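Beneath this line is the structure, given in C-alpha coordinates, with notes to follow.
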Amino acid sequence: MAEPEMITHHDHPQHKLRLVTTTCDMPFRCDGCLEPGYAPRYRCDACNFDMHTFCSNLPAILQHPMYKGRIFRFCPKPPPPSGRRVCDACGDPVRGFICPCFGANLDLPPCCASLHGPIILDGLAFDIGAPRKCCLCMREKGPERELWC
(Lines give C-alpha, C1' and ligand atoms only; values in the text may rest on other atoms or scores of the structure.)
Protein backbone atom coordinates (compact mmCIF):
# COMPACT_ATOMS: atom_id res chain seq x y z
CA MET A 1 0.00 0.00 0.00
CA ALA A 2 1.32 3.44 -0.93
CA GLU A 3 2.28 5.89 1.78
CA PRO A 4 0.19 9.10 1.99
CA GLU A 5 1.84 12.24 0.56
CA MET A 6 1.21 14.31 3.74
CA ILE A 7 0.67 13.26 7.35
CA THR A 8 0.28 14.78 10.79
CA HIS A 9 2.28 13.07 13.50
CA HIS A 10 1.87 13.35 17.29
CA ASP A 11 5.61 13.93 17.71
CA HIS A 12 5.52 16.96 15.39
CA PRO A 13 1.98 18.38 15.56
CA GLN A 14 2.86 21.96 14.57
CA HIS A 15 3.39 21.14 10.87
CA LYS A 16 2.36 18.49 8.37
CA LEU A 17 5.07 16.11 7.23
CA ARG A 18 5.66 15.61 3.50
CA LEU A 19 6.68 12.27 1.99
CA VAL A 20 10.17 12.46 0.43
CA THR A 21 10.93 9.56 -1.90
CA THR A 22 14.08 10.62 -3.75
CA THR A 23 16.89 8.12 -3.40
CA CYS A 24 19.75 10.54 -4.09
CA ASP A 25 19.28 12.35 -0.77
CA MET A 26 21.96 12.37 1.88
CA PRO A 27 21.41 10.15 4.92
CA PHE A 28 19.28 11.64 7.67
CA ARG A 29 18.75 11.09 11.39
CA CYS A 30 15.20 10.08 12.22
CA ASP A 31 13.73 12.35 14.89
CA GLY A 32 11.55 9.46 16.09
CA CYS A 33 13.88 6.52 16.70
CA LEU A 34 17.07 8.64 16.55
CA GLU A 35 18.66 6.21 14.09
CA PRO A 36 20.15 6.93 10.64
CA GLY A 37 17.99 6.56 7.58
CA TYR A 38 17.74 7.07 3.86
CA ALA A 39 14.80 8.02 1.61
CA PRO A 40 11.88 7.50 1.72
CA ARG A 41 10.92 9.47 4.79
CA TYR A 42 8.53 12.09 6.09
CA ARG A 43 10.02 15.57 6.34
CA CYS A 44 9.17 19.02 7.67
CA ASP A 45 11.36 21.52 5.79
CA ALA A 46 10.39 24.34 8.17
CA CYS A 47 11.88 22.55 11.20
CA ASN A 48 14.41 20.20 9.62
CA PHE A 49 12.41 17.31 11.08
CA ASP A 50 12.75 13.86 9.46
CA MET A 51 11.07 10.55 10.27
CA HIS A 52 11.30 7.06 8.79
CA THR A 53 8.05 6.00 7.16
CA PHE A 54 7.93 2.98 9.50
CA CYS A 55 8.35 5.23 12.55
CA SER A 56 5.49 7.44 11.39
CA ASN A 57 2.84 4.73 11.26
CA LEU A 58 3.51 2.33 14.14
CA PRO A 59 0.27 1.23 15.78
CA ALA A 60 -0.26 1.82 19.50
CA ILE A 61 -0.38 -1.96 20.07
CA LEU A 62 1.35 -4.48 17.86
CA GLN A 63 2.27 -8.12 17.66
CA HIS A 64 5.35 -9.47 15.95
CA PRO A 65 5.53 -12.83 14.16
CA MET A 66 8.91 -13.58 15.75
CA TYR A 67 7.37 -13.26 19.24
CA LYS A 68 4.10 -15.14 18.94
CA GLY A 69 1.59 -14.34 21.68
CA ARG A 70 3.47 -11.24 22.87
CA ILE A 71 1.92 -7.76 22.86
CA PHE A 72 4.18 -4.75 22.23
CA ARG A 73 3.08 -1.17 22.94
CA PHE A 74 4.43 1.87 21.15
CA CYS A 75 6.10 4.44 23.45
CA PRO A 76 7.68 7.68 22.21
CA LYS A 77 10.20 7.44 25.07
CA PRO A 78 11.45 4.45 27.04
CA PRO A 79 9.17 3.74 30.01
CA PRO A 80 10.55 3.30 33.54
CA PRO A 81 12.87 1.97 34.65
CA SER A 82 14.98 4.40 32.69
CA GLY A 83 18.46 3.55 31.61
CA ARG A 84 20.06 1.88 28.64
CA ARG A 85 17.61 -0.19 26.59
CA VAL A 86 18.74 -2.78 24.06
CA CYS A 87 16.74 -4.32 21.21
CA ASP A 88 15.93 -7.93 21.98
CA ALA A 89 15.93 -8.73 18.26
CA CYS A 90 19.20 -7.27 16.96
CA GLY A 91 21.09 -6.33 20.14
CA ASP A 92 21.56 -2.65 19.19
CA PRO A 93 20.81 0.15 21.69
CA VAL A 94 17.31 1.67 21.53
CA ARG A 95 17.70 5.46 21.49
CA GLY A 96 14.27 6.92 20.75
CA PHE A 97 10.87 5.42 19.95
CA ILE A 98 10.51 2.01 21.55
CA CYS A 99 8.00 -0.86 21.53
CA PRO A 100 8.27 -2.73 24.83
CA CYS A 101 6.50 -5.94 25.78
CA PHE A 102 5.96 -5.41 29.49
CA GLY A 103 4.90 -9.00 30.22
CA ALA A 104 8.13 -10.48 28.86
CA ASN A 105 10.62 -7.64 29.43
CA LEU A 106 11.31 -7.34 25.69
CA ASP A 107 12.15 -4.17 23.75
CA LEU A 108 12.00 -3.51 20.00
CA PRO A 109 12.84 -0.27 18.19
CA PRO A 110 10.54 0.71 15.29
CA CYS A 111 12.91 -0.72 12.68
CA CYS A 112 12.83 -4.24 14.12
CA ALA A 113 9.17 -3.97 15.14
CA SER A 114 8.23 -3.14 11.55
CA LEU A 115 10.01 -6.17 10.03
CA HIS A 116 7.67 -9.04 9.32
CA GLY A 117 8.58 -12.61 8.56
CA PRO A 118 10.01 -14.41 7.03
CA ILE A 119 13.06 -12.19 7.41
CA ILE A 120 15.54 -13.09 4.68
CA LEU A 121 18.77 -11.20 3.97
CA ASP A 122 21.00 -12.29 1.10
CA GLY A 123 19.32 -15.70 1.13
CA LEU A 124 19.76 -16.21 4.90
CA ALA A 125 16.63 -16.64 7.02
CA PHE A 126 16.59 -15.02 10.46
CA ASP A 127 14.98 -16.77 13.42
CA ILE A 128 15.01 -16.67 17.21
CA GLY A 129 16.91 -19.38 19.04
CA ALA A 130 18.96 -20.78 16.18
CA PRO A 131 20.82 -23.90 17.38
CA ARG A 132 24.19 -22.89 15.95
CA LYS A 133 26.45 -19.92 15.28
CA CYS A 134 25.06 -16.91 13.48
CA CYS A 135 26.02 -17.06 9.78
CA LEU A 136 26.71 -13.31 9.68
CA CYS A 137 28.65 -12.54 12.87
CA MET A 138 29.93 -16.11 13.55
CA ARG A 139 29.17 -15.77 17.28
CA GLU A 140 27.30 -18.21 19.42
CA LYS A 141 24.04 -16.82 20.71
CA GLY A 142 24.44 -15.34 24.17
CA PRO A 143 23.17 -17.24 27.22
CA GLU A 144 21.19 -14.25 28.52
CA ARG A 145 19.30 -13.41 25.32
CA GLU A 146 18.34 -15.03 22.07
CA LEU A 147 18.91 -12.49 19.30
CA TRP A 148 17.70 -12.99 15.76
CA CYS A 149 20.30 -15.11 14.04
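The values are calculated or read from the model by the stated rules, or taken from the named source; none is laboratory data. Bear in mind that the values here come from a model prediction, so they are computed numbers and not experimental data. For neighbour counting, all protein chains shown are included, and Cβ atoms are generated from backbone atoms with ideal geometry for every residue, glycine included. For accessibility, only protein heavy atoms count, side chains too; no ligands or nucleic acids. Shrake-Rupley method; radii C 1.70, N 1.55, O 1.52, S 1.80 Å.
The relative contact order of segment 40-92 comes to 19 percent, based on Cα pairs under 8 Å that sit 6 or more residues apart. Residues in segment 48-55 carry Karplus couplings, in order, of 6, 9, 10, 8, 3, 5, 5, 6 Hz; the curve used is 6.51 cos²θ - 1.76 cosθ + 1.60 with θ = phi - 60°, and Gly or Pro positions show x. For L34, nonlocal amide neighbours, meaning residues 5 or more places apart or on other chains whose placed amide H falls under 5 Å from its own, are F97. Accessible surface for I61 stands near 90 Å², nearest 10, in the context of the full protein assembly shown (1.4 Å probe).
Per-residue SASA remark: H9, around 10 Å² accessible (1.4 Å probe; ligands, DNA and RNA not included).
Using a cutoff of 8 angstrom between alpha carbon atoms and counting only pairs six or more residues apart, the relative contact order for segment 5-109 works out to 19 percent. Amide H to amide H distances under 5 Å link H9 with L17, where only residues 5 or more positions off or on other chains count and H is placed in the peptide plane. Annotation for T21 and K77: the two label points, set 7 Å from Cα along the Cα-Cβ direction, are 3.6 nm apart. If the chain linking T8 and D92 were pulled fully straight, counting 0.36 nm for each residue of separation and taking away their Cα-Cα distance, it would gain 27.4 nm. Summing Lys and Arg as +1 and Asp and Glu as -1 over all other residues whose Cβ lies under 11 Å from the Cβ of S56 gives a net charge of -2.
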